[in-house]
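This report concerns only the one structure given below.
The values are calculated or read from the model by the stated rules, or taken from the named source; none is laboratory data. Owing to the predicted nature of the structure, the values given are computational and were not obtained by experimental measurement. A quick note on method: Cβ atoms are made from the backbone with ideal geometry, for glycine too, and the neighbour counts reach across all protein chains shown.
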Amino acid sequence: MQIANEMAAEGARRVVVVTDEPWKYPAGTKWPAGLKIYHRDDLQEVQKELAGVPGCTVLIYDQTCAAEKRRRRKRTSSRILTSASSLTSSSARAAAIAA
């Protein structure tokens, strides 16, 4: 939000945000007048649209950094592995008790 407001204050004719998660921006956020938020799937159309606007335009691409994505994947996969090993241990105990 701060970058978008600064770019508008500097005189950008049009400012847009492109993101994988457009829903993460709450309603009522104080964006510059005319700012639109698009999903990443619309990137090419947005670029074509901005190319037709005279003057300086700004496209802000909001994306989680790769290192953070790796941390999240690692955290999720370690939880899955822990859950799977707990289930396997429980199954083995139940089989030993039943025998």
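Observations, loosely collected:
- Residue match in the range 57-76 (condition: of a type in the set (Asp, Glu) and in contact (Cβ under 8 Å) with a residue 12 or more places away in the chain): yes
- The residues of the range 41-78 that are in a helix (DSSP H, G or I), charged (D, E, K, R) and under 22 Å from ALA8 (Cβ atoms), listed by number, are ASP42, GLU45, LYS48, GLU49.
- Total residues in the range 45-59, condition surrounded by fewer than 13 Cβ atoms within 10 Å (Cβ to Cβ) and either at pLDDT below 95 or under 22 Å from LYS24 (Cβ atoms) (or both): 1
- Of all residue pairs spaced 6 or more apart or on separate chains, those with beta-carbon atoms under 8 Å, a first member in the range 5-33 that is within 19 Å of LEU43 (Cα to Cα) and a second member that is among the basic types (Lys, Arg) and surrounded by 12 or more Cβ atoms within 10 Å (Cβ to Cβ) are VAL16/LYS36; VAL17/LYS36; VAL18/ARG40; THR19/ARG40; ASP20/ARG40.
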